[in-house]
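Undergrad: Before we start, here is the structure in question, set down as structure tokens.
The values are calculated or read from the model by the stated rules, or taken from the named source; none is laboratory data. Just so we're clear, the structure is a prediction, and the values are computed from it rather than from any experiment. Cβ coordinates were reconstructed from backbone atoms using ideal geometry, including for glycine residues, and neighbour counts include every protein chain displayed. Keep in mind that these areas ignore ligands, DNA and RNA; they rest on the heavy atoms of the full protein, side chains included. Shrake-Rupley method; radii C 1.70, N 1.55, O 1.52, S 1.80 Å.
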Amino acid sequence: MDLVFIGFGEAAWQIASGLHSSGAKLEMAAYDVQSNHPLLGPQIQQRAQDTKVTLLASSEDVSRTNARFILCLTSATSALPIAQQLIPRLHADQVYVDMNSSAPTVKQDIAALAKQHGIRFCDAAVMGTVPGNQHRVPMLLAGEGADSFHETFSVYGMRLSILNGEAGAASAIKMLKSVVMKGLPQLFIEAFQGAEKFGVVDTLAASLAESLEGKTIQQLANTFTARTFIHAARRSAEMRDALATLQGVGVNSEMTEATQRKLDWLAKDDWKSLLGANGSDMPYQDAIRMLVKHTNGDNHDSL
């Protein structure tokens, strides 16, 4: 047996389907607690049949397969309990791969458990949508089992990138990307709600396009980072007016309030002096390093 999925929901089925369609000569199985559910079971069973995936009757059967890779795709809340149940039953030739969208600390706990039992662990972070990409969805890998997983499955078209870091590093990037990708829409929604109240949604969108379109993430980061540090006090004052604008038309303004609080926090320090001459043009990487170094000290108040 080459691969056993723990959980055979949408993501696992899509990955198995992609591997099967690619012509990969892999022996695959899956264990899903819902496989005999009166409503969910029939779909799981049909999908397993279509992708030539053998459904296992129990979690005990997972270890009996002697599969080289055990791939968990269930949920963030169940990731650690499942690992605690399965890993002690595995043997040293097997690799336990966790693809759940879990916090880095969870992946680190699983890695520690795996090391305790002599099992290699791979922290795998799915960095795109699985439907449409299937097994070719981009993934980041970290941990002692990353090399083995990459070596075995990249030949089947899986887009796998190994990070120079321990388990938890891949998950950290996914979580931190979510800060932006899930936070940015909330800023748009909050601003557009206010614009709708004034009847200027399209005009606001056009103005944002003029400021943002055509710029790379690196260019935006360079534009935003050091200059925000230096001009935090002035921008906080501007955000007070923005906050009053939203509140005046009855729009929930939690994102704007949080932005003002963060600017007030930055304004406690003299960043113009800290960053030095031409500080506003400092590359974002250097500015962030200085922020992290400066705020790691005990002398800096928290938000």
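Undergrad: So, of the residues in region 35-56 that are touching a residue at least 24 places away in the same chain (Cβ under 8 Å) and exposed (fewer than 15 other Cβ atoms within 10 Å of the Cβ), which turns out to be farthest from LEU141 (Cα to Cα)?
TA: ASP50
Undergrad: Continuing with the same structure: Across region 1-50, what is the total count of residues that are among the hydroxyl-bearing types (Ser, Thr, Tyr) and either part of a strand (DSSP E or B) or at pLDDT 95 or above (or both)? Full working, then the answer.
TA: So the first thing to find is which residues in region 1-50 are among the hydroxyl-bearing types (Ser, Thr, Tyr), and the list is 17, 21-22, 31, 35.
Keeping just the survivors that are either part of a strand (DSSP E or B) or at pLDDT 95 or above (or both) gives 17, 31.
Residues that pass the stated criteria total 2.
Undergrad: Additional query: If I go through region 193-223 residue by residue, how many of them are without any contact (Cβ under 8 Å) to a residue 24 or more places away in the chain and touching a helix residue (DSSP H, G or I) at 6+ places or on another chain (Cβ under 6 Å)? Before you say what the answer is, go through the steps one by one.
TA: Of all residues in region 193-223, those without any contact (Cβ under 8 Å) to a residue 24 or more places away in the chain come to 195-196, 199-217, 219-220, 223.
Applying the additional criterion that residues be touching a helix residue (DSSP H, G or I) at 6+ places or on another chain (Cβ under 6 Å) yields 195, 201, 204.
Result for region 193-223: 3.
Undergrad: Identify, from the list ALA92, ALA67, the residue that is within 22 Å of GLN134 (Cβ to Cβ) and over 14 Å from the mean Cα position of the chain (by Cα). Steps first, please.
TA: Details: ALA92 fails: within 22 Å of GLN134 (Cβ to Cβ).
Step by step, each of ALA92, ALA67 is checked, and only ALA67 is within 22 Å of GLN134 (Cβ to Cβ) and over 14 Å from the mean Cα position of the chain (by Cα).
Undergrad: Filter region 153-197 for residues that are touching a Leu at 6+ places or on another chain (Cβ under 9 Å), open to solvent by less than 30 Å² (accessible area, probe 1.4 Å), under 26 Å from MET28 (Cα atoms) and of a type in the set (A, V, I, L, M, F, W, C) and give the result.
TA: Residues satisfying the conditions are PHE153, MET158, LEU160, ALA170.
Undergrad: Next up: Of the conditions (1) of a type in the set (Phe, Trp, Tyr); (2) open to solvent by 80 Å² or more (accessible area, probe 1.4 Å); (3) more than 25 Å from the chain's Cα centre (by Cα), PHE229 fails just one. Which one is it?
TA: With respect to (1) of a type in the set (Phe, Trp, Tyr); (2) open to solvent by 80 Å² or more (accessible area, probe 1.4 Å); (3) more than 25 Å from the chain's Cα centre (by Cα), PHE229 is out only on (2).
Undergrad: If you go through region 100-115 one residue at a time, do you hit one that is of a type in the set (Gly, Ala, Ser), open to solvent by less than 70 Å² (accessible area, probe 1.4 Å) and part of a strand (DSSP E or B)?
TA: no
Undergrad: Separate question: Looking at THR223, is it under 24 Å from ALA267 (Cα atoms), over 30 Å from the mean Cα position of the chain (by Cα) and open to solvent by 40 Å² or more (accessible area, probe 1.4 Å)?
TA: When the stated conditions are applied, THR223 does not pass them.
Undergrad: Moving on. Could you figure out which of (1) of a type outside the set (Phe, Trp, Tyr); (2) more than 30 Å from ASN278 (Cβ to Cβ); (3) in a helix (DSSP H, G or I); (4) open to solvent by 40 Å² or more (accessible area, probe 1.4 Å) isn't true of ARG234?
TA: Exception for ARG234: condition (2).
Undergrad: List every residue pair whose Cβ atoms lie under 6 Å apart, where the two residues are 6 or more positions apart in sequence or sit on different chains, the first residue falls within region 103-123 and is touching a residue at least 60 places away in the same chain (Cβ under 8 Å) and closer than 17 Å to SER78 by Cα, and the second residue, located anywhere, is open to solvent by less than 10 Å² (accessible area, probe 1.4 Å) and assigned to a helix (DSSP H, G or I).
TA: Correct list of pairs: PRO104/SER171; VAL106/ALA79; LYS107/SER171.
Undergrad: Being of a type in the set (S, T, N, Q), free of Cβ contacts under 8 Å to residues at least 12 places away in the same chain and under 24 Å from LEU184 (Cβ atoms) is the filter here; which residues of region 243-276 pass it?
TA: Listed by number, the list holds a single entry, GLN247.
Undergrad: How many of the residues making up region 51-75 are under 16 Å from LEU26 (Cβ atoms) and assigned to a helix (DSSP H, G or I)?
TA: Matching residues across region 51-75 total 0.
Undergrad: Got at least one residue in region 76-93 being modelled with pLDDT of 95 or more, open to solvent by less than 30 Å² (accessible area, probe 1.4 Å) and assigned to a strand (DSSP E or B)?
TA: No, region 76-93 contains no residue that is modelled with pLDDT of 95 or more, open to solvent by less than 30 Å² (accessible area, probe 1.4 Å) and assigned to a strand (DSSP E or B).
Undergrad: Moving on to the next point. Please state which of the following conditions ASP286 fails to meet, knowing it meets all the rest: (1) surrounded by fewer than 16 Cβ atoms within 10 Å (Cβ to Cβ); (2) at pLDDT below 95; (3) part of a helix (DSSP H, G or I).
TA: If we test ASP286 against (1) surrounded by fewer than 16 Cβ atoms within 10 Å (Cβ to Cβ); (2) at pLDDT below 95; (3) part of a helix (DSSP H, G or I), just (2) comes out false.
Undergrad: Spot the failing condition for GLY145; the list is (1) out of contact with any Pro (no Cβ under 9 Å at 6 or more places or on another chain); (2) at positive phi; (3) surrounded by 14 or more Cβ atoms within 10 Å (Cβ to Cβ), and only one is missed.
TA: (2)
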